[in-house]
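**Student:** Encoded as structure tokens, here's the structure I'll be asking about.
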Amino acid sequence: MPNLDHKNTILELQDISFSYATDEVIKDVSLSIHKGDYVGLIGPNGGGKSTLLKIMLGLLRPQKGIVKIFNQDINHFKDWQKIGYVAQRNFFDASFPATVEEVVMMGRYGKLGFFHFPNKIDQKKVHQALQQVEMTEFKNRSIGDLSGGQQQRVFIARALVTEPEMIFLDEPTAGVDAKTQKQFYALLEKLNKQLNLTLIFISHELDILAHQATELGYINRTLDYFGDPKEFLKGEYFHELIGKSGIHH
Amino acid sequence: MLDIFNYSFIIRGFEAGIIIAIIAPIIGMFLVLRRYSLIADTLSHVSLAGVAIGLLLGINPLITAVIASVISSAAIERLRISKKVYGESALAIFLSGSLALAILIISFAHGFNVDLFNYLFGSIVTVQQSDVFIILALGLIVLISVILFYKELIFVTFDEESARVSGIPTKFINIMIIILSAFTVALSIPIIGVLLISALVVIPVVSALQFKKGFVESIFIAEGISIFSVIVGIFISFYLNLSPGGTIVILMIIIFVCSFILRDNK
């Protein structure tokens with residue numbers, strides 16, 4: 001277990017509700033995430049997991065409730081380099097002309113700001129991030145030529161190169177083979193423990209999350225559970241919930 | 001054999017053509033990758049309305065074309081963001097609307113002394129010295145903007161959501177791409193003409209993409225194709241007495257087909 005410090009809240013949701021048109025997908029969700037947490041978010045498809053993640057990232061604005069990130073209202077938050085984001089796989093165009101190195105370098109761009117160009121230090125950080133995900137030898141390859149698992153590692157590297165304190169991942173292993181998935185989770189565990197990175201993770205892999213995550217959230221419009229993953233597995237509550245949802249376990 | 005460089009209009013044609021050949025694929029790269037290449041076509045028709053207004057009021061048509069194109073590009077982007085109209089429907093409205101306006105103005109003026117054909121298909125003869133200066137000045141603005149905002153442009157083009165999460169002002173960058181496109185398209189009119197501009201913006205880029213290289217490398221390949229086609233196209237059109245716009249575009253198409261075949265045989 002990483003050294004959890006539950007005094008250090010870095011993300012807080014207070015009574016969040018969100019609707020697409022008239023369809024309420026998130027209702028009265030409150031939760032706190034602390035430095036070093038490894039939060040797994042599970043729930044049925046259409047239950048609002050991705051929506052909640054996008055609210056946490058400020059990509060969607062809830063109709064009701066407050067999002068505080070590093071103790072700041074998200075609408076006034078400017079320190080985006082503290083945050084890394086790995087979106088769902090397959091969101092990008094496989095024929096996009098970019099090398100692995102170019103993609104990872106993008107992670108430095110927000111930090112550099114307008115009119116500043118990457119220098120040797122940025123190159124070094126890119127190199128380090130590629131080492132962390134063991135993708136150094138692919139740095140000159142075209143991103144579209146890599147396998148799904150390799151692409152996902154590159155996107156993790158892009159998130160890491162920002163040197164964030166918190167990384168959000170939206171079902172990054174969907175469609176990736178089992179062996180790659182296992183390596184991927186091992187990598188996440190390493191990042192969480194060694195770098196004390198806070199991870200917020202949407203997944204269907206309850207098995208793995210139960211062993212690795214420090215907190216588990218179950219979302220189905222409302223946040224039906226948030227706490228110790230092992231307790232969640234023990235509870236009858238879990239069978240009742242999972243029976244309906246088609247989650248792997 | 002006639003010496004091509006004895007003619008000052010040919011020199012002006014080369015000057016303007018090469019500037020356009022440099023900026024069109026850079027802007028094209030962002031438009032093609034954002035699946036927004038049709039905007040070049042729309043803005044070219046808007047520019048035609050601008051040309052008609054210029055001819056009617058007796059102002060340099062290149063200036064009115066740039067103004068019409070920039071204003072419309074901002075309006076198109078706003079319509080697209082508002083999501084009240086689908087992106088491509090917004091393009092269709094502006095395309096046909098501005099063409100209709102151009103025709104109305106032309107019929108109102110009972111035709112112009114200048115051959116409209118020159119603006120539809122491009123003509124080196126119409127390029128004035130003042131046009132070359134305008135093309136150079138605005139072309140430099142496009143080039144410098146792309147260099148200064150290169151990081152933000154590539155990130156937003158690749159993955160807009162992640163760019164936003166890393167603090168990049170994506171709305172500003174989006175509107176910038178559109179306005180720079182407006183400049184590029186309007187400036188290309190004298191050389192390549194309204195109906196052929198999107199070829200200049202799109203074809204070198206699509207050809208370069210067949211080589212599956214990195215971003216910077218792809219831009220340089222597209223630049224090579226574009227500059228080559230424009231220079232060789234002007235030469236050929238001069239000696240064979242052909243339309244330069246048509247010649248340039250046909251050369252580009254030939255290069256595209258070759259790059260496409262090369263890719264399949266790799």
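**Student:** Based on what the data block shows, is B:Val32 part of a helix (DSSP H, G or I) and within 14 Å of another protein chain (Cβ to nearest Cβ)?
**Tutor:** Against the criterion (part of a helix (DSSP H, G or I) and within 14 Å of another protein chain (Cβ to nearest Cβ)), B:Val32 qualifies.
**Student:** Could you say whether any residue in segment A:59-73 is of a type in the set (Phe, Trp, Tyr) and in a loop (DSSP other than H, G, I, E, B)?
**Tutor:** Looking through segment A:59-73, at least one residue is of a type in the set (Phe, Trp, Tyr) and in a loop (DSSP other than H, G, I, E, B).
**Student:** Still on this structure: Can you spot a residue in segment A:67-79 that is among the charged types (D, E, K, R), surrounded by fewer than 23 Cβ atoms within 10 Å (Cβ to Cβ), at the interface with chain B (Cβ under 9 Å from one of its Cβ atoms) and over 14 Å from the mean Cα position of the chain (by Cα)?
**Tutor:** Yes.
**Student:** Evaluate segment B:168-176: report whether one residue or more is buried (at least 22 other Cβ atoms within 10 Å of the Cβ) and either more than 14 Å from every other protein chain (Cβ to nearest Cβ) or more than 30 Å from A:Lys78 (Cβ to Cβ) (or both).
**Tutor:** no
**Student:** Considering only segment B:116-135, I want to know if a residue exists there that is assigned to a helix (DSSP H, G or I), within 14 Å of chain A (Cβ to nearest Cβ) and under 17 Å from B:Pro25 (Cβ atoms).
**Tutor:** No, every residue in segment B:116-135 fails to be assigned to a helix (DSSP H, G or I), within 14 Å of chain A (Cβ to nearest Cβ) and under 17 Å from B:Pro25 (Cβ atoms).
**Student:** Residue under question is B:Ser162, and the condition is that it be under 21 Å from A:Gly144 (Cβ atoms), buried (at least 19 other Cβ atoms within 10 Å of the Cβ) and either small (Gly, Ala, Ser) or more than 10 Å from chain A (Cβ to nearest Cβ) (or both); does it hold?
**Tutor:** yes
**Student:** Return only the number of the condition from (1) assigned to a loop (DSSP other than H, G, I, E, B); (2) over 18 Å from B:Val194 (Cα atoms) that B:Ile10 does not satisfy.
**Tutor:** (1)
**Student:** How many residues does segment A:28-58 contain that are within 14 Å of another protein chain (Cβ to nearest Cβ), in a loop (DSSP other than H, G, I, E, B) and either among the small types (Gly, Ala, Ser) or touching a His at 6+ places or on another chain (Cβ under 7 Å) (or both)?
**Tutor:** Result for segment A:28-58: 1.
**Student:** Please go through (1) away from chain B (no Cβ under 14 Å); (2) under 27 Å from A:Lys78 (Cα atoms); (3) part of a loop (DSSP other than H, G, I, E, B) for A:Gln128 and return the number of the only condition it doesn't satisfy.
**Tutor:** (3)
**Student:** Another one. Can you pull out every residue in segment A:80-113 that is more than 13 Å from B:Ala163 (Cβ to Cβ), within 8 Å of chain B (Cβ to nearest Cβ) and at pLDDT below 85?
**Tutor:** If the condition is that a residue be more than 13 Å from B:Ala163 (Cβ to Cβ), within 8 Å of chain B (Cβ to nearest Cβ) and at pLDDT below 85, then A:Asp93, A:Ser95 are the ones that fit.
**Student:** Select from segment B:147-183 the residues that are in contact with a Ser or Thr (Cβ under 9 Å, 6 or more places away or on another chain) and among the hydroxyl-bearing types (Ser, Thr, Tyr) and list them in ascending order.
**Tutor:** B:Ser166, B:Ser181
**Student:** So, one more: So how many residues does segment A:102-133 have that are surrounded by 13 or more Cβ atoms within 10 Å (Cβ to Cβ) and closer than 18 Å to A:Gly84 by Cβ?
**Tutor:** Of the residues in that region, 21 qualify.
**Student:** Given the criterion without any contact (Cβ under 8 Å) to a residue 40 or more places away in the chain, under 17 Å from B:Ile175 (Cβ atoms) and surrounded by fewer than 24 Cβ atoms within 10 Å (Cβ to Cβ), identify the matching residue among B:Ser8, B:Ser82, B:Ser89.
**Tutor:** Only one candidate qualifies: B:Ser82.
**Student:** Report those helices (runs of 4 or more DSSP H) wholly inside segment B:180-266 carrying at least 1 residues which are of a type outside the set (D, E, K, R) and farther than 20 Å from B:Phe30 by Cβ.
**Tutor:** Here the list reads B:215-240, B:244-264.
**Student:** So which residues in segment A:57-84 are small (Gly, Ala, Ser) and touching a helix residue (DSSP H, G or I) at 6+ places or on another chain (Cβ under 8 Å)?
**Tutor:** Hits for segment A:57-84 are A:Gly58, A:Gly84.
**Student:** Which of (1) modelled with pLDDT under 85; (2) within 23 Å of A:Tyr185 (Cα to Cα) does A:Ala21 not meet, given it meets every other one?
**Tutor:** Answer for A:Ala21: the failing condition is (2).
**Student:** If only one of B:Phe235, B:Phe228, B:Phe220, B:Phe183 is closer than 24 Å to B:Ala68 by Cβ and among the aromatic types (Phe, Trp, Tyr), which one is it?
**Tutor:** That would be B:Phe183, the only listed residue that is closer than 24 Å to B:Ala68 by Cβ and among the aromatic types (Phe, Trp, Tyr).
**Student:** Name the helices (runs of 4 or more DSSP H) wholly within segment A:131-235 that hold at least 2 residues that are of a type in the set (Val, Ile, Thr)?
**Tutor:** Because the criterion is at least 2 residues that are of a type in the set (Val, Ile, Thr), the helices (runs of 4 or more DSSP H) in segment A:131-235 that meet it are A:148-160.
**Student:** Being of a type in the set (Ser, Thr, Tyr), out of contact with any Cys (no Cβ under 6 Å at 6 or more places or on another chain), in a helix (DSSP H, G or I) and under 15 Å from B:Ala186 (Cβ atoms) is the requirement here; does B:Ser69 meet it?
**Tutor:** yes
**Student:** Still on this structure, please answer the following. Here are some residues: B:Phe133, B:Phe117, B:Phe108. Which one is surrounded by fewer than 20 Cβ atoms within 10 Å (Cβ to Cβ), in contact (Cβ under 8 Å) with a residue 24 or more places away in the chain and either at positive phi or of a type in the set (Phe, Trp, Tyr) (or both)?
**Tutor:** Checking each option against the conditions leaves just B:Phe108.
**Student:** Between B:Leu55, B:Leu43, B:Leu101, which is at pLDDT 90 or above and either β-branched (Val, Ile, Thr) or buried (at least 20 other Cβ atoms within 10 Å of the Cβ) (or both)?
**Tutor:** B:Leu43
**Student:** Does A:Tyr185 satisfy being modelled with pLDDT of 90 or more and of a type in the set (Ser, Thr, Tyr)?
**Tutor:** no
**Student:** The conditions are (1) within 14 Å of chain A (Cβ to nearest Cβ); (2) over 22 Å from A:Val104 (Cα atoms); (3) surrounded by fewer than 24 Cβ atoms within 10 Å (Cβ to Cβ); (4) at pLDDT 95 or above, and B:Ala222 fails exactly one of them. Which is it?
**Tutor:** Status for B:Ala222: all satisfied but (3).
The values are calculated or read from the model by the stated rules, or taken from the named source; none is laboratory data. Because the structure is a prediction, the values reported are computed rather than measured. Backbone-built Cβ (ideal geometry, glycine too); neighbour counts: all protein chains shown.
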